[in-house]
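Below is one structure, written out as structure tokens, with a few remarks after it.
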Amino acid sequence: MSPDKPYDVLVIGAGPAALSAAIYTTREDLSTVLVEKGVVGGLAAITDRIDNYPGFPEGVTGMELAEDLWKQAERFGTKIEYGEVTAVDGKDKVKKVSTTAGEMYSKAVLIATGTDWKKLGIPGEDKYYGRGVHYCATCDGPLYRDKKLVVVGGGNSAIQESIFLTKFASHIDLLVRGDSLRASEILQHELEEVKDKITIHFNTATDEILGDEKLVNKVIGTDKKTGEKQEFACEGVFVFIGLKPTTDFLASSGVERNEFGFVKTDGDLRTNIEGIFAAGDVRDGATMQIASATGEGATAALKIREYLHVNR
């Protein structure tokens with residue numbers, strides 16, 4: 001679309017919030033495009049199993065849920081463009097969104113880029129990324145059948161993904177920086193069922209990932225109580241230490257973010273820039289739940305419709 005013929009709605013991202021918003025906007029005959037740099041469905045799509053999404057009493061895989069949301073949005077006419085957004089210019093009535101595939105224009109923009117996994121920032125992490133260092137158990141766990149793994153983290157995602165990895169790995173060393181797990185009681189109970197395949201190391205800092213020219217073969221840690229160095233032989237490392245918002249592309253946009261990079265909005269999901277909205281995990285105050293993200297996507301769509309009606 002050109003500045004003279006912009007989309008009605010441009011959604012940055014294609015996770016649950018984005019897809020939910022698109023279902024609503026396209027049903028209202030608002031021309032809608034989603035710009036996605038990775039996988040349709042976002043982090044939800046690479047989640048092994050989702051047990052707390054309403055309407056699925058037996059649970060649902062993340063990929064199944066993402067595919068169904070996309071099919072529904074596509075049925076109403078949603079378009080998707082693959083590319084990475086590099087900048088957003090919202091100073092004019094028609095917003096300009098710069099992407100690696102070219103410039104796009106829209107009357108309203110919804111930021112729904114969600115979050116990405118945090119990195120440890122230690123030696124070897126970047127060197128062995130994709131060659132033994134991973135952030136998605138569903139994507140890469142099957143590569144490690146009957147092999148030893150290290151998992152770093154002590155929250156819900158670390159425990160959930162560790163349990164999933166026991167389907168493949170011969171043994172897992174779970175490195176937890178604190179003196180207890182931060183995961184929910186339900187997940188901790190599930191962890192008990194596979195305790196023969198997982199050894200938990202509390203108060204353990206992860207210092208370095210080592211390997212040969214091609215692959216990982218060990219992780220170096222430190223016992224925080226004694227100060228002693230520890231070695232964990234392994235053939236793969238999975239890191240689950242939290243999430244960070246995907247908002248670097250907003251650096252020059254003027255859109256306000258909090259100190260952690262999450263987008264600030266009002267009660268109507270509007271940012272400080274007129275015509276730019278935000279929904280889902282990328283938003284300051286988000287609950288980081290898929291059900292909440294889809295609800296916010298629907299709410300954002302209705303607020304965008306009101307905005308476009310007033311600013312015809």
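The values are calculated or read from the model by the stated rules, or taken from the named source; none is laboratory data. Because the structure is predicted, anything quoted here is derived from the model rather than measured. All Cβ positions, even for glycine, are placed from backbone atoms using ideal geometry, and neighbour counts span all protein chains on display.
Hey, does region 56-66 have a residue that's polar (S, T, N, Q) and under 29 Å from T199 (Cα atoms)? Don't jump to the end; show me each part of the working.
From region 56-66, those polar (S, T, N, Q) are 61; that's our starting set.
Pick out the ones that are also under 29 Å from T199 (Cα atoms) and you get 61.
Checked region 56-66: at least one residue is polar (S, T, N, Q) and under 29 Å from T199 (Cα atoms).
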message: Please go through (1) farther than 16 Å from G297 by Cβ; (2) in a helix (DSSP H, G or I); (3) among the acidic types (D, E) for E74 and return the number of the only condition it doesn't satisfy.
response: (1)
task: Among residues belonging to region 67-123 that are within 24 Å of the chain's Cα centre (by Cα) and of a type in the set (F, W, Y), point out the one that is modelled with the lowest pLDDT.
output: W117
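Quick one: in region 1-30, of everything that is in contact with a helix residue (DSSP H, G or I) (Cβ under 8 Å, 6 or more places away or on another chain) and among the charged types (D, E, K, R), which residue is modelled with the highest pLDDT? Step through it out loud before you land on a result.
Keep residues of region 1-30 that are in contact with a helix residue (DSSP H, G or I) (Cβ under 8 Å, 6 or more places away or on another chain), which gives 8-9, 11-26, 28, 30.
The next check asks that each one be among the charged types (D, E, K, R); those that pass are 8, 28.
Details: D8: 97, E28: 94.
Filtering region 1-30 for residues that are in contact with a helix residue (DSSP H, G or I) (Cβ under 8 Å, 6 or more places away or on another chain) and among the charged types (D, E, K, R), the one modelled with the highest pLDDT comes out as D8.
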- prompt: Only one residue in R182, R131 is under 22 Å from the mean Cα position of the chain (by Cα) and over 18 Å from C234 (Cα atoms). Which one?
  reply: R182
task: Kindly indicate which of D212, D266, D281, D248 is within 24 Å of G38 (Cα to Cα) and surrounded by fewer than 21 Cβ atoms within 10 Å (Cβ to Cβ).
output: D248
- prompt: When region 53-99 is examined, which residues are found to be closer than 23 Å to T247 by Cα and among the acidic types (D, E)?
  reply: E81, E84, D89, D92
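Filter the strands (runs of 3 or more DSSP E) completely within region 227-312 down to those with at least 2 residues that are under 30 Å from V60 (Cβ atoms) and among the hydrophobic types (A, V, I, L, M, F, W, C). Talk me through it step by step, then tell me what you get.
Working: elements: 229-233, 236-239, 243-245, 276-278.
Filter on region 227-312 gives 236-239, 276-278.
For residues in region 199-249 being among the basic types (K, R) and at pLDDT 95 or above, which is nearest to A137 (Cα to Cα)? Please lay out each step first, then the result.
Within region 199-249, the subset among the basic types (K, R) is 214, 218, 224-225, 229, 244.
Of the ones still in play, those that are also at pLDDT 95 or above are 218, 224-225, 229.
Values: K218: 18, K224: 27, K225: 30, K229: 27 Å.
If we take residues in region 199-249 being among the basic types (K, R) and at pLDDT 95 or above, then K218 is nearest to A137 (Cα to Cα).
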statement: Conditions (1) in contact with a Ser or Thr (Cβ under 8 Å, 6 or more places away or on another chain); (2) at pLDDT 95 or above -> V133 fails only (1)
statement: Within region 31-54, restricting to residues that are more than 30 Å from E103 (Cα to Cα) and part of a loop (DSSP other than H, G, I, E, B), the one that is modelled with the lowest pLDDT is D48
- prompt: Is there any pair linking a residue in region 52-70 that is without any contact (Cβ under 8 Å) to a residue 24 or more places away in the chain to one that is acidic (D, E), with Cβ under 7 Å and at least six apart or on different chains, and which?
  reply: G59/D51; T61/D48
Top-ranked residue in region 185-209 [being assigned to a helix (DSSP H, G or I) and over 24 Å from the mean Cα position of the chain (by Cα); ranked as surrounded by the most Cβ atoms within 10 Å (Cβ to Cβ)]: H189
Residues of region 141-197 satisfying the condition of being under 20 Å from G211 (Cα atoms), in contact with a Gly (Cβ under 9 Å, 6 or more places away or on another chain) and of a type in the set (K, R): K147, K148
- prompt: Which one of these does K147 not meet: (1) under 27 Å from F260 (Cα atoms); (2) surrounded by fewer than 23 Cβ atoms within 10 Å (Cβ to Cβ); (3) at pLDDT 95 or above; (4) outside the structural domain of V85 (by TED's automatic domain parsing)?
  reply: (1)
